[in-house]
Every structure is written in structure tokens, then in C-alpha cells.
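Here's the structure, in C-alpha cells; my notes come after.
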Amino acid sequence: MAIAAEAFVLDPAHTGTLQRQLQEIVTDGILSGRFRPGDRMPSSRGLARHLGISRITVTLAYTELIANDYLSSQGRSGYFVSEGAPTPSLLPRGAPPESDRVDWSAAMVRRYSEGPVPERPRDWRRYRYPFIYGQTDARLFDHRNWRRCALQALGARDFEATTSDSYGRDDPLLVEQILRHILPRRGIAAAPEQVLVTMGAQNALWMVTRILLGQDRLAAIEHPGYPALRTILDASGARHVALPVDAGGLPPETVPPETDVVFVTPSHHCPTSATMPVARRRALLDRADRHDFLVVEDDYEFELAFAAPPAPALKSLDRSGRVIYIGSFAKSLFPGLRLGYLVAPEPFVAEARALRSLLMRHLSGHLQRAAAYFLQQGHYDAQVHRMARAYRARRAAAEAGIAEHGLTALGANTFGGSSFWMRSRTLPADLLATRLRARGVLIEPGGPFFGAADPGDRYRLAYSSIAAEDIPEGLRRIAEAGG
């Protein structure tokens, strides 16, 4: 049987290359049973003409499929589905069970899906004015050198580091780079035994909560604050109190004496961008000593302090071992990397390592080694400097537009970073966001940061994912919509 070229339809929303998409169409056809061993594929010339793509793209896709034994080449006769191709499942894929009599609402002891989260459309890249936070801007990322480091990590020299079961240990080269290149910038000195590589900052927060908090413990958090932390605490069963922040972040005197753990973002408060003064940092540590509680410092985005040098990390001022420091590569590299780290006294790190081993054994050896090479070879520093230059220009454009259109930015952010904390002038933030989406503009309503369904009039305006030249028009549209 000959497979018609018309059986191939490209998806314009596909995020991979045309070659990859073509390979996926063929493998899906084989695995679903639509394409069978011995079936003749369309010619490379005919399929290229039908799809409107180059013939070399089709040829390369076919060549890769031959290498994986999905297709075979029979000289001038053309390409065929291989006799050795994987066979489809005997059961229809995705077939529903005959019945589902489980009362899942009663069976599930804990719920993790009920916490509010910032809304970010999956197709955000198609919007012209995406003022959304934390996504990677492909125009700024060093694709070439990241690819080189990833390929280097796949080499024979690193075979052991990238393929072995590490039994809970971290890549020693990555830990060395964190100790030598990351922590000194925050004034932190640590030993390898005091560092744990995590699956991002959120994974670190989850482990900290699991180890330090229970139903008889009290946590203090910032209000407004990181939505996922509130959900993690709710799921843990620990009591927690939300303490309002001001222009200097969390006031230390508001932390209840009976607190066991306080969670703070002192260098760049989430989401208001307030920076805690050094005197207040020392006061928080003094209060921790006096009332015997621990401090968890989430130092996200410290690399992007382009407006002024960042204040010393709480961990660098800690003289009694009370601070657990959390960092991440999500903002400086890309969130999909899922790499972060925590720094704490060795007894805590040992327990966190054991907990991580139960959950995921260890992190990807390949990703750890690729990141280590990216740091070691200086590409990371260059990447951070490139982002800082771009963010400085974007911030200047945003400040000018905010002033020109009478928009309201809250607080005095002298740090830099990648966002403003805003107040809507006439509309609730959720309604404003809905109106703006129809005009190609994305903002983040502030409700999830308060733990409430009603976002009120606050929203976050980020410039990490939007070009500087698009910011003025985007802000004009926000102003016209009532923002």
C-alpha cells in the first residue's frame, strides 16, 4: 500500500523544527497502526512539494527514521515502513476504563491543586505585548554555547558523570562552580557538604517545609508573597501566618516570637520588588537568635541587580547558622532547566539529600554537567551581562511609558530585576487582564500573591519577555483599557 502525501499535515503551532515534526507524524502513524510494515512512503520530492518545504528537510527526516528502523530504503524503489518498525499497542491508546467507581474526593488525603497560581497562557509567545514574568527570551539566550556545553557533556570523557546512578550525590563540577562563581557574589562561603542541587527553588522550598514543619510548627510568610509557597504550606498541615510587607520588605518586629521558620525574599521581594535594607536584615537575624527560629532566604533573581549592587545576602550576615539559602538558575538561564541549589548547615543538607533521593533519586547528570561547563567556560557571566543590558533598556522604556500614560507603579524599586508591581486605576485586575488579552497584551493579576480569588487592583508588569521597542505601545494599550 502506498501512503498518500495528503496523509501528512503540518501543525503551525508545533514548537519543534519541520524535520522533527515530520518524524513525529511518521512515528505516530506507525505506532497507531495507520502506517504498516511494507507501506510505501511518499517520495521526498512529492512530500516536499505537498507540504511546501524543502526536499532536504524531508530527506533528513527520512534518514533519521531509517537510522531508528522506522523506515527502510530500497534503492530506486523508494522509502518503506520497515519490517522491524515498532508494533502498535494491542489496546487502543487512551482507551477509557470500563468504569470508575472510586470516590477520589474521599480517597485523596491531601490536595495540591486548589491553590491560586498566576495565569500564563501556554501560547503566550504569540501575543505581541507579553508583560509576563519569568519566561526565557530567545533573543537573549546564548543558544550556540549552551548547545556546545550540552554536546560536550555527552562526550566519552563525561560518560560516567552523565550516565551513572549517583546514589543521591550531585555533580561535583557543578557544586564546585556554585561554590566558586555563584556564592561569592553573595558573600557566602560554604563547603561542598553544605550545598545541595535542587530541581529549582520551588523544589527546595518543598523539601525545607517537609523537613522543618509539621502540624505543631508555625511558619511566617510574606503578604503578598510567592503563591506556591502558600500552597506547599497548606498541604503540609503546618500553621502559617502571613505578615504584610512594606517598602522595606518584611518588618522583623512583626514576626511572632513563637515562629519556627520564616520565609523571606529580602533582596527582591516577590512580587512587589521591595528590597530589605541591611539594618532590617540584621534586625531579622537578631530576632531569630533571640526567639530561636530559622530563616529561609529565597534569593531569586539576584543576578539581575543591574540598577544597583545587591545588598548582602542574609546568609552572608548569618553568624549562628540559622539561614537556609535558596538560589535558582531559572531566571538567569531558563526555567525549563529546573536547576537550583540550597546552602545550609551540613546536618540539614544531609536530610534534604536523603529526602530528595526518596523523591527522585538524583537530578539529571547530563543537565548538571552541561550547566557546570556553561559556568566554567564563562558563558554564564556573559549571559547575565547580556540580560542586564537588555533589561536596563526595557526598564527605561517601561518607566518612560508608565509616566507618559499616567500608570501607577507601586514602591521604589532600586534593585533592577524584571518587573513592576502595579495598581490598576479603574478596573479590577482580572477584568483588565481579560480586556487586554483581546488586544494582544498580557499582564498578571495580583490575586494569587494574596492567596485570594479576587485579585483586587494589583497586577505584575514584567519586561523579561517583551522587546524594548514594543513596550511603549503595550503600555499605551494598558492605559486605554483602564490600567
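The values are calculated or read from the model by the stated rules, or taken from the named source; none is laboratory data. None of the values given here were measured: they were computed from a predicted structure. In this analysis, Cβ positions are derived from the backbone assuming ideal geometry, glycine residues included, and neighbour counts consider all displayed protein chains.
Cβ-Cβ contacts under 7 Å between residues 6 or more apart (or on different chains), taken from a first residue in the stretch 430-442 that is on the phi < 0 side of the Ramachandran plot to a second residue that is outside any loop (DSSP other than H, G, I, E, B) and loosely packed, with under 15 Cβ neighbours inside 10 Å, are listed as LEU442/TRP124. Please tell me if ASP165 is surrounded by fewer than 19 Cβ atoms within 10 Å (Cβ to Cβ) and assigned to a loop (DSSP other than H, G, I, E, B). In short, yes. Scanning the stretch 46-82 for residues that are free of Cβ contacts under 8 Å to residues at least 40 places away in the same chain, in contact with a Ser or Thr (Cβ under 9 Å, 6 or more places away or on another chain) and of a type in the set (Gly, Ala, Ser) yields ALA48, SER72, SER73, GLY78. When the test is whether a residue is more than 24 Å from the chain's Cα centre (by Cα), on the phi < 0 side of the Ramachandran plot and modelled with pLDDT under 95, LEU410 passes it. Flag: ALA400 matches the condition of being in contact with a helix residue (DSSP H, G or I) (Cβ under 8 Å, 6 or more places away or on another chain), surrounded by fewer than 16 Cβ atoms within 10 Å (Cβ to Cβ) and either under 30 Å from TYR167 (Cβ atoms) or at pLDDT 90 or above (or both).
Filtered by the rule that a residue be among the polar types (S, T, N, Q), surrounded by 15 or more Cβ atoms within 10 Å (Cβ to Cβ) and over 15 Å from ALA2 (Cβ atoms), the stretch 38-62 gives THR57, THR59.
Within the stretch 210-261, the residues that satisfy the criterion of being in contact (Cβ under 8 Å) with a residue 40 or more places away in the chain and among the β-branched types (Val, Ile, Thr) are ILE211, ILE221, THR231, THR259, VAL261.
Scanning the stretch 432-483 for residues that are assigned to a loop (DSSP other than H, G, I, E, B) and among the β-branched types (Val, Ile, Thr) returns ILE443, ILE466.
Here ARG40 clears all of (1) closer than 30 Å to TRP124 by Cα; (2) at pLDDT 90 or above; (3) not polar (S, T, N, Q) except the condition numbered (1). With respect to LYS331, is the statement that it is within 30 Å of PRO192 (Cβ to Cβ) and either assigned to a strand (DSSP E or B) or touching a Lys or Arg at 6+ places or on another chain (Cβ under 8 Å) (or both) true? When the stated conditions are applied, LYS331 does not pass them. Residues that are of a type in the set (S, T, N, Q) and closer than 14 Å to GLY38 by Cβ were ranked within the stretch 74-94; the one that is modelled with the highest pLDDT is SER82. Within the set ALA242, ALA228, ALA189, ALA219, the sole residue that is part of a helix (DSSP H, G or I) and among the small types (Gly, Ala, Ser) turns out to be ALA228.
Check whether at least one residue in the stretch 327-339 is without any contact (Cβ under 8 Å) to a residue 12 or more places away in the chain and surrounded by fewer than 16 Cβ atoms within 10 Å (Cβ to Cβ), and report yes or no. Looking for residues that are without any contact (Cβ under 8 Å) to a residue 12 or more places away in the chain and surrounded by fewer than 16 Cβ atoms within 10 Å (Cβ to Cβ), one finds none in the stretch 327-339, hence no. If you go through the stretch 369-387 and pick out every residue that is of a type outside the set (D, E, K, R), touching a residue at least 12 places away in the same chain (Cβ under 8 Å), under 25 Å from SER419 (Cβ atoms) and surrounded by fewer than 18 Cβ atoms within 10 Å (Cβ to Cβ), you end up with 2.
Would you pick out the residues in the stretch 36-60 that are part of a loop (DSSP other than H, G, I, E, B) and either within 15 Å of ARG76 (Cβ to Cβ) or not polar (S, T, N, Q) (or both)? Correct list: ARG36, PRO37, GLY38, ASP39, MET41, PRO42, SER43, GLY52, ILE53. Can ARG460 be described as crowded, with 18+ Cβ neighbours inside 10 Å, in contact (Cβ under 8 Å) with a residue 12 or more places away in the chain, charged (D, E, K, R) and closer than 30 Å to VAL197 by Cα? It is true that ARG460 is crowded, with 18+ Cβ neighbours inside 10 Å, in contact (Cβ under 8 Å) with a residue 12 or more places away in the chain, charged (D, E, K, R) and closer than 30 Å to VAL197 by Cα. Residues in the stretch 248-264 that are at pLDDT below 95 and either closer than 21 Å to GLU444 by Cβ or hydroxyl-bearing (Ser, Thr, Tyr) (or both): GLY249 alone. Within the stretch 443-457, the residues that satisfy the criterion of being free of Cβ contacts under 8 Å to residues at least 40 places away in the same chain and surrounded by fewer than 24 Cβ atoms within 10 Å (Cβ to Cβ) are ASP454, GLY456, ASP457.
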